[in-house]
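Below is one structure, written out as structure tokens; comments come after it.
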Amino acid sequence: MKKVLVSLAVIATLVSCNKRNNDLPKTVAPATYSFERNGESTVDFNGQTTRIKMAGEFISALKNTSETEATLDAKFAHTAGNADFSDADLNASSKNIRSKVAASRDFFSTNSTDATAIKNQFDGWIAAQVTEVFPNWNTDAAAGVAGNIQQAGGGSTRYVNGKGVEYNQLIAKSLIGGLMVDQILNNYLSKAVLDEGTNVSNNNGNVTETDKNYTTMEHKWDEAFGYLYGNEADITAPTLKADKFLNEYVGQVNKNANFAGIATEIYNAFKLGRAAIVAKDYNTRDTQVEILREKISKVLAVRAVYYFQQGKIKLPTDKAAAFHALSEAIGFVYSLQFTRKPNSTEAYFTKTEVDNFMNTLLKDNGFWDVTNETLDLISTQIASKFGFKVADVAN
């Protein structure tokens, strides 16, 4: 460990040394997520960028029938040095997706039963894509029969199981919760991680990690940030089009007039919290954590309800489009178990509640005979838990 002097010039731009009435420092929000020490950036989330890119290649491969269960499993649980991806840097990496699914400190470090069950669920979906859907790629889908089904008007062809589920969509949206959101809200923003061991005293003393120019607490916060913005070309001006996971859907929810501004609120909370760590202002840091837990959790709920309503609209006239929307919906529903109520240790929905939703939606022939009443009932239950109306996300 080495101790380095923090650039007073940088700190001066971030922190007001004025004391509040309660004698705590007040952190001034920086303009962007940009932090330096001794003239060099202290922001590093390389591992998160790597996993986002791995997830992108993995999801694309789920629609390639030349893939086998073994090759898909290898992309999901990559081993360093194996040629699982098209990107040589990903192949060389010791990181993988599977190890970080349902792996947060707060929710799963003492709950190996649920963690194992969730990982096994992903493994099962991968296997089912290969054994149920790939062999029926050229079969017309029907209730109880896996195959293809084309959207109305010559639109996209969807490849579904016997219940109408597109596994690639289910897996992709479930990864948003199981990987990105769980790691952000329940791991890297956890006090158990941010304040672990000597993190606070080292941060107070500007003691950086070996051969690095950031403190461990700074780095943990950056790793949370990286699961949302890690694929952005410029993190000081995020486009929210950088990947097909949480990044994209923060942007999509922000486009809804009823939730306009949520993307800015999330970005502002990340940068103010990071500035607060630089300023040793842990009250402000912890306030931003709770804002992030509320806002990011809401993104998943809004998209779940949105896709349920889109599916309901399209079911009578375009089953392929409806199944596509409903497959996305159940992926977001699955992700709800990884959300986090602010100022609590609980998700908005428990694993049992999520499992019950999934079982209800997928019983018998699944989407082929799901009713509007079921879709509306689940939509209402989700929306009411997050304090919005189903009508707010219908379009």
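The values are calculated or read from the model by the stated rules, or taken from the named source; none is laboratory data. From a predicted model like this one, the values you see are computed outputs, not experimental measurements. Virtual Cβ from ideal backbone geometry, glycine too; neighbours counted across all protein chains shown. Only protein heavy atoms, including side chains, enter the accessible area calculation; ligands, DNA and RNA are left aside. Shrake-Rupley method; radii C 1.70, N 1.55, O 1.52, S 1.80 Å.
The HN-Hα couplings worked out from phi for the range 165-175 by the Karplus form 6.51 cos²θ - 1.76 cosθ + 1.60 (θ = phi - 60°) are 8, 8, 4, 5, 6, 4, 5, 4, 6, 5, 5 Hz, whole numbers, x standing for Gly and Pro. Treating r as the C-beta distance of Ala237 and Glu290 and R0 as 35 Å, the FRET efficiency rounds to 0.85. In this Cβ point-charge picture (+1 for Lys and Arg, -1 for Asp and Glu), the range 249-395 has a dipole of about 500 debye about its Cα centre. Less than 5 angstrom separates the built amide H of Asp243 from those of Glu248, all sequence-distant by 5 or more or on a different chain. Other residues within the sphere of radius under 12 Å centred on the Cβ of Thr157, judged by their own Cβ, net out at 0 (K and R +1, D and E -1). Ordering Gly81, Val207, Asn120 by the projection of their Cα atoms onto the charge dipole of the chain, which places +1 on the Cβ of Lys and Arg and -1 on the Cβ of Asp and Glu, puts Val207 at the extreme positive end. Annotation: amide H of Arg158 within the under-5 Å range of Ile149, Gln150, Gln151, sequence separation 5 or more or interchain, hydrogens built in the peptide plane. The charge dipole of the range 52-136, taken about its Cα centre with unit charges on the Cβ atoms of Lys, Arg (+1), Asp and Glu (-1) only, comes to about 240 debye.
Can you give me the angle between helix 112-128 and the longest principal axis of the chain, using Cα atoms only, in degrees from 0 to 90, rounded to the nearest 10? Tilt relative to the chain: about 50 degrees. Does the range 174-239 come out rounded, prolate or oblate by the C-alpha gyration tensor, with a ≥ b ≥ c the root eigenvalues, rounded set by a/c under 1.5 and, if not, prolate when a/b is larger than b/c and oblate if not? Oblate is the answer for the range 174-239, as a/c is 1.5 or above yet b/c matches or exceeds a/b. Selection among Thr49, Ile296, Val130 by position relative to the dipole of the chain gives Ile296 as farthest towards the positive end (Cβ unit charges, Cα centre).
For the range 294-305, the Karplus equation 6.51 cos²θ - 1.76 cosθ + 1.60, evaluated at θ = phi - 60°, returns couplings of 5, 5, 5, 4, 4, 4, 5, 5, 4, 6, 4, 5 Hz by residue, with Gly and Pro reported as x.
Using C-alpha pairs below 8 Å separated by at least 6 residues, the relative contact order for the range 88-153 is 16 percent. Amide H contacts of Arg37 (H built 1.01 Å from N, in plane; Pro and chain starts excluded): Thr42 sit under 5 Å, all sequence-distant by 5 or more or on other chains. With θ taken as phi - 60° and the Karplus curve 6.51 cos²θ - 1.76 cosθ + 1.60 applied, the whole-hertz 3J(HN,Hα) list for the range 86-95 is 7, 8, 4, 5, 5, 4, 6, 6, 8, 8 Hz, x standing for glycine and proline. Accessible area per residue for the chain is 40 Å², calculated with a 1.4 Å probe on protein heavy atoms, without ligands, DNA or RNA. Give the shape of the chain as rounded, prolate or oblate, defined through the alpha-carbon gyration tensor: a ≥ b ≥ c are the square roots of its eigenvalues, a/c under 1.5 means rounded, and otherwise the shape is prolate if a/b is larger than b/c and oblate if not. Cα axes put the chain in the prolate bin. Computed from point charges on the beta carbon alone (+1 for Lys and Arg, -1 for Asp and Glu), the dipole magnitude for the chain about its Cα centre is near 840 Debye. Histogrammed with a bin width of 5 Å, the alpha carbon distances of the range 247-390 distribute as 2, 10, 18, 20, 17, 13, 8, 5, 3, 2, 1, 0 percent, first bin at zero. Cross-link reach is defined here as a Cα-Cα straight distance under 22 Å, omitting same-chain residues fewer than 8 places apart; for Lys341 the lysines meeting it are Lys100, Lys173, Lys191, Lys220, Lys271, Lys295, Lys298, Lys351, Lys385, Lys389. By definition, a body whose alpha carbon gyration tensor gives a ≥ b ≥ c is oblate when a/c is 1.5 or more and a/b is not larger than b/c, and the range 341-395 fits this oblate description.
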